[in-house]
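Engineer: Sharing a structure below in structure tokens format, with a few things to ask.
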Amino acid sequence: MRVPVESLRSFCLAALRQAGLNEADADVTADALVTTDTMGVFTHGTKLLGGYLNRLKGGGYRATARPRIEREGPAWAVIDGESALGQVGGVFAMQTAIDKARTVGVAYVGLRNTGHIGAAGYYAAHAARSGLIAMVVGNDVPSVAAPGSRAAVLGSNPLAYGIPVEGNEPILLDMATAAVAGGKVYAAHQRGEPIPPTWLIGPDGQPTTDGALYPKHAALAPMAGHKGYGIGLWAEILAGVLPGGAMTWQVGTWMFDPPDKPSQHNAGFIAIDVATIAPPEDFAARIQHLIDEIHAAPTAAGIDRVLLPGEREWSLRQQSHAAGIDLPEDVRAKLRQVAADYQLTADWLT
């Protein structure tokens, strides 16, 4: 059974309210998780809800926390997330960057001491839909090898960007700087599916296909080798080093640490106000020209057209709103546990 978007959203809201979140914070978090599911990115959607709730219950994440600006200037700010859910801190930080960029053109905001932020693209899309170009990066506990290492060096630090497109959904890229998100390794292993040899680096520094080794005895491979490693380091600097947040092994694991321990995640947000820098009509026309040129590129056999980043996900989102979300069984299993823990019901859980 496909899951109606509003039904899934109501389910999340009910659980988050029980965990002590106010209406606004519950709404932000539910929207981020459900939106991610509608776009087919199931590793970063409602599958995370149970883990977040456990950490809220244990006190590692604080349901009543209010992210606050520690210090700021006209074009920058550093925000203490106060161990609120990452979605709460992330939306606050992105909106702060948007507001500052609209005044001065370009703004950077560092968010430290927050919860796991989920899908970085959610925040970039929010800015792009508001007419701004955005880049979002985050850091995490190390799980990704560097070229030549036998163990993890950096987190699967995400990088996302959003570009506004007049009359259409934004161009949207959201990627881990690992060869694959760790959640995909867990999901494939749980489903009994083989692990490709390009995903993991074993304890000898060589590729492995044994998903059971991750994360204790294997690390994720960096995306595109030294290139992914370099981008992951860039994310670590903008997300953790610059705002004075936790770095590499100082970051906790929200999945495996005791639930009363803050995870101290961090993120960096850059916003560029198009209207400040370029005539909006000219920018819109130039972006559309670029899109049309890419769409018109010659294609391989069986391919209709070359896609822009995000086009597949926006199409899936449209289908999800029309026909419901086709949630994988591993996600449904996580939500069934939430339903049992919080006495919730939904016909699509059976």
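Engineer: If R0 is 51 Å, what FRET efficiency do you get for Ile294 and Asp257 from their C-beta distance, rounded to 0.05?
Structural biologist: Approximately 0.75, to the nearest 0.05.
Engineer: The list [x] 52, 50, 44; [y] 64, 37, 36; [z] 65, 54, 46 gives values of Cα extents along the principal axes in Å, and only one came from this structure; which label was calculated from it?
Structural biologist: The value matching this structure is [x].
Engineer: Quote to one decimal, in nm, the extra length available between Ile277 and Glu72 on full extension: 0.36 nm per residue of separation minus the C-alpha distance between them.
Structural biologist: Length gained, Ile277 through Glu72: 71.6 nm.
Engineer: For each of Leu173, Leu111, count neighbouring Cβ atoms within 10 Å of the residue's Cβ, then give the residues from fewest to most.
Structural biologist: Leu173, Leu111
Engineer: Count the net charge of all other residues whose Cβ sits under 13 Å from the Cβ of Ala30, scoring Lys and Arg as +1 and Asp and Glu as -1.
Structural biologist: That works out to -4.
Engineer: Which of Ile98, Ile303, Ile69 moves most in a GNM of the chain, Cα contacts under 10 Å?
Structural biologist: In this elastic network of the chain, the residue with the biggest mean-square fluctuation among Ile98, Ile303, Ile69 is Ile303.
Engineer: Could you list Leu172, Leu344 in order of exposure, starting from the residue whose Cβ has the fewest other Cβ atoms within 10 Å?
Structural biologist: With the fewest neighbours first, Leu172, Leu344 line up as Leu344, Leu172.
Engineer: Which residue fluctuates the most in the chain, going by a Gaussian network model with Cα springs under 10 Å, if the choices are Ser149, Ser83, Ser263?
Structural biologist: Per the Cα network of the chain with a 10 Å cutoff, Ser149 tops the list.
Engineer: Cα centroid distance between the range 11-27 and the range 203-232, in Å?
Structural biologist: Taking the Cα centre of the range 203-232 as reference, the centre of the range 11-27 is 36 Å away.
Engineer: In whole Hz, what ³J(HN,Hα) sequence does the range 173-186 give by Karplus (6.51, -1.76, 1.60; θ = phi - 60°), x for Gly and Pro?
Structural biologist: Ordered by residue, 3J(HN,Hα) equals 10, 9, 9, 7, 8, 8, 4, 7, 5, x, x, 6, 5, 4 Hz.
Engineer: Additional query: What net charge is computed for the residues neighbouring Ala285, neighbours being all others with C-beta under 15 Å from the C-beta of Ala285, Lys and Arg scored +1, Asp and Glu -1?
Structural biologist: Spelling it out: positives minus negatives among the neighbours equals -4.
Engineer: Could you tell me which of rounded, prolate or oblate describes the range 179-221, using a ≥ b ≥ c as the square roots of the eigenvalues of the alpha-carbon gyration tensor, with rounded for a/c under 1.5 and, failing that, prolate when a/b is larger than b/c and oblate otherwise?
Structural biologist: Prolate, since a/c reaches 1.5 and a/b exceeds b/c.
Engineer: So, one more: What aspartates and glutamates could a cross-link reach from Lys216, if we take a straight Cα to Cα line under 20 Å and drop same-chain neighbours fewer than 8 places away?
Structural biologist: Reachable aspartates and glutamates: Asp140, Glu193, Asp204, Asp257.
Engineer: Also, I was wondering about something else. Averaged across orientations, what area in nm² does the convex hull of the alpha carbons in the range 106-156 project?
Structural biologist: Orientation-averaged projected area of the Cα hull: 4.7 nm².
Engineer: Over 23 Å between Cα atoms, which of Lys47/Lys261; Lys57/Lys334; Lys47/Lys227 qualify?
Structural biologist: Lys47/Lys227
Engineer: Another question about this same structure. How far, in nm, would the chain grow between Thr64 and Ala285 when pulled straight, counting 0.36 nm per residue and subtracting the alpha carbon separation?
Structural biologist: This chain segment gains 75.1 nm when fully extended.
Engineer: Still on this structure, please answer the following. Residue by residue through the range 118-125, which ³J(HN,Hα) values in whole Hz follow from phi under the Karplus form 6.51 cos²θ - 1.76 cosθ + 1.60 (θ = phi - 60°), with glycine and proline marked x?
Structural biologist: Working through the residues one at a time gives x, 7, 4, x, 4, 6, 5, 5 Hz.
Engineer: Something else: Fewest to most neighbouring Cβ within 10 Å: what's the order for Met1, Met135, Met247?
Structural biologist: Met1, Met247, Met135
Engineer: What residues from the range 306-335 fall in the zone where the backbone N is under 15 Å from a label point 7 Å along the Cα-to-C-beta line of Arg191?
Structural biologist: Inside the label zone: 326-334.
Engineer: Only residues of the range 307-325 count here: report those whose backbone N is under 18 Å from the spot 7 Å along Cα→Cβ of Asn168, or say none.
Structural biologist: 307-319
Engineer: Now, a different point. Count charges around Gly167 for me, please; just the other residues with Cβ under 14 Å from its Cβ, Lys/Arg as +1, Asp/Glu as -1.
Structural biologist: Counting the neighbours of Gly167, the net charge comes to -3.
No value in this document is a laboratory result; all are computed from the given coordinates. Since the model is a prediction, treat every value here as computed from it, not as a measurement. All Cβ positions, glycine included, derive from the backbone under ideal geometry; neighbour counts span all protein chains shown.
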